[in-house]
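The values are calculated or read from the model by the stated rules, or taken from the named source; none is laboratory data. It should be emphasised that the depicted structure is a prediction, and the values quoted were computed from it without experimental measurement. Heads up, the Cβs are rebuilt from the backbone with ideal geometry, glycines too, and the neighbour counts pull from every protein chain shown.
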Amino acid sequence: MFRHSGSTVNVLPFLWQALFLAAFLLAAVVAPADAQGKPKVRTITAFIRLDAAQYQQQISDTLKMLRNARSRFGLAGYEVQTIRITTQPFPEYTKGMSKEAALGFFRDLESLAKKEDVSISIGPALMTEKDDPAQAELLREILGSASHLYGSIIVAGSDGVHVKALHEAAETIKYLADQSDKGLGNFRFAAIANVPAYTPFYPASYHQGFGHQFAIALESANVVAAAMAVQRDTEATRQVLISELGRHAQAVQDIGSKIDQETGWSYMGIDLSPAPMKYTSIGSAIAGFTGGRFGSSGTLTAVATITSALRDIVVTKVGYTGVMMPVLEDTRLAQLWGEGALTIDQLLGYSAVCGTGLDTIPLPGDVSTQQLERIIGDVATLSVKLTKPLSARLLPVAGAKAGDQTTFDDPNLVNTVIQALP
């Protein structure tokens with residue numbers, strides 16, 4: 001206590017308030033800035049040129065870099081969800097092997113990936129119409145018995161739609177629906193069209209370079225949701241997205257550039273696609289902009305607004321850099337799908353303004369190869385028409401029909417009601 005003007009004042013409450021304020025300010029300085037609003041890093045993906053004769057050492061060396069990089073991002077307040085390794089297209093390093101030898105090699109690679117808890121993309125089985133369809137058959141068998149390996153088939157490019165590849169992709173989806181555990185092999189397979197090399201997102205990831213490179217993908221639907229939760233006009237919303245996503249993208253790029261300088265691994269860029277994850281929903285984020293549910297009027301404008309903002313963020317970009325709408329990875333989209341309020345044609349329509357295609361779409365188990373070809377063909381045709389990256393990841397559920405509930409037990413997937421194909 002102290003005496004002032006003839007009266008006694010108890011200063012203890014003021015001291016406690018001052019100490020509390022100081023502690024609060026110190027915590028604000030010490031804690032990662034804006035930790036709650038930061039996006040997560042969905043993946044750090046390393047690109048290597050695999051040599052079948054020394055792949056174990058290559059994987060070991062790559063994991064050292066990836067784990068160090070994960071720690072670096074974590075210290076900056078950016079939680080890393082996964083680390084991944086992508087090889088050149090696998091037919092390049094299995095050339096000359098018998099089918100049995102190749103399958104044996106991939107069983108060993110799967111065992112190593114499982115032991116090290118890392119996902120590995122072995123790239124496209126088919127790159128052009130001239131490629132041997134036997135490679136697609138081999139990919140089916142590889143993915144059918146694996147859990148940590150991913151692959152793809154390129155169904156369109158600058159040379160147009162690859163008609164033979166459409167059929168092989170459809171056959172692969174049917175095979176994996178029947179042969180893999182609960183059809184989850186299709187979660188690790190995609191038909192891809194005009195997707196550039198060095199995308200870090202799976203299953204579309206591949207490269208044809210020298211390797212020793214890496215790229216980043218963000219899980220930033222939360223940042224989009226925060227920007228769209230406040231009612232503004234379209235251009236104001238776009239500018240907020242550029243500012244908010246841009247500052248995180250720049251921070252991520254700065255870390256990537258430092259890793260490049262310190263390790264000799266070349267930093268390739270960021271895929272800015274604001275990937276959702278279950279309750280961090282892009283469907284709910286867009287509803288904040290439209291004032292109605294995802295799919296109502298204004299949804300197309302919202303998707304275009306997000307993509308326009310992504311394009312104007314000044315960082316090195318790779319991959320899709322579009323709006324991802326994965327039905328089974330987004331709680332709100334899964335709910336709308338189960339209610340029949342969302343369709344394949346709607347999602348493909350949104351992809352026309354730079355969504356990324358059809359992602360994790362649940363289908364009845366009796367979907368035919370011809371129906372799958374037509375769906376993939378629509379994705380490929382739109383990709384060629386617009387010269388933009390699109391992909392199709394379709395999940396038929398063996399034995400299930402329209403009206404049945406899916407029963408996936410994967411922690412990354414949301415179960416929903418299967419809808420009939422139109």
Which numbered condition Phe294 misses (of (1) in contact (Cβ under 8 Å) with a residue 60 or more places away in the chain; (2) in a loop (DSSP other than H, G, I, E, B))
(1)
In region 103-139, anything under 18 Å from Ala53 (Cα atoms) and without any contact (Cβ under 8 Å) to a residue 24 or more places away in the chain is listed as Gly104, Asp108, Ser111
Can you spot a residue in region 60-68 that is modelled with pLDDT of 95 or more, in contact with a His (Cβ under 8 Å, 6 or more places away or on another chain) and either within 20 Å of Tyr150 (Cα to Cα) or buried (at least 20 other Cβ atoms within 10 Å of the Cβ) (or both)?
no
Residues of region 74-90 being in contact with a helix residue (DSSP H, G or I) (Cβ under 7 Å, 6 or more places away or on another chain) and in a strand (DSSP E or B), which ones?
Val80, Ile83, Ile85
Is there a residue in region 155-169 that is in contact with a Ser or Thr (Cβ under 8 Å, 6 or more places away or on another chain), under 23 Å from Pro364 (Cα atoms) and surrounded by fewer than 24 Cβ atoms within 10 Å (Cβ to Cβ)?
yes
Of the residues that make up region 221-231, is at least one buried (at least 23 other Cβ atoms within 10 Å of the Cβ), modelled with pLDDT of 95 or more, outside any helix (DSSP H, G or I) and β-branched (Val, Ile, Thr)?
no
I'm checking my understanding of the structure. Among residues of region 334-361 that are out of contact with any strand residue (DSSP E or B) (no Cβ under 6 Å at 6 or more places or on another chain) and of a type in the set (D, E, K, R), which one is nearest to Asn186 (Cα to Cα)?
Asp345
Could you pull out the residue among Phe210, Phe189 that is of a type in the set (Phe, Trp, Tyr), surrounded by 21 or more Cβ atoms within 10 Å (Cβ to Cβ) and on the phi < 0 side of the Ramachandran plot?
Phe189
Would you call Ala251 outside any loop (DSSP other than H, G, I, E, B), touching a residue at least 40 places away in the same chain (Cβ under 8 Å) and closer than 28 Å to Gly160 by Cβ?
no
Can you give me the number of residues within region 60-86 that are more than 22 Å from the chain's Cα centre (by Cα) and more than 20 Å from Leu218 (Cα to Cα)?
3
For Ser205, are the conditions met, namely being among the polar types (S, T, N, Q), under 24 Å from Gly377 (Cα atoms) and buried (at least 21 other Cβ atoms within 10 Å of the Cβ)?
yes
I'd like to check something: does region 80-91 contain any residue that is β-branched (Val, Ile, Thr) and farther than 30 Å from Asp254 by Cα?
no
Collect the residues in region 256-280 that are farther than 18 Å from Tyr198 by Cα and surrounded by fewer than 24 Cβ atoms within 10 Å (Cβ to Cβ), keeping them in residue-number order.
Lys258, Gln261, Glu262, Thr263, Met277, Lys278, Tyr279, Thr280
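Here's the yes/no breakdown for (1) under 15 Å from the mean Cα position of the chain (by Cα); (2) closer than 23 Å to Lys278 by Cα; (3) outside any helix (DSSP H, G or I):
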{"site": "Glu141", "(1), (2), (3)": "no, no, no"}
{"site": "Ser152", "(1), (2), (3)": "yes, no, yes"}
{"site": "Phe187", "(1), (2), (3)": "yes, yes, no"}
{"site": "Phe201", "(1), (2), (3)": "yes, yes, yes"}
{"site": "Gln208", "(1), (2), (3)": "no, no, yes"}
Number of positions in region 146-200 that are in contact (Cβ under 8 Å) with a residue 40 or more places away in the chain and among the charged types (D, E, K, R)
6
Take the residues of region 233-255 that are more than 14 Å from Ala285 (Cα to Cα) and of a type in the set (D, E, K, R): which is surrounded by the fewest Cβ atoms within 10 Å (Cβ to Cβ)?
Asp233
Take the residues of region 384-405 that are of a type in the set (S, T, N, Q) and over 16 Å from Ile173 (Cβ atoms): which is farthest from the chain's Cα centre (by Cα)?
Gln405
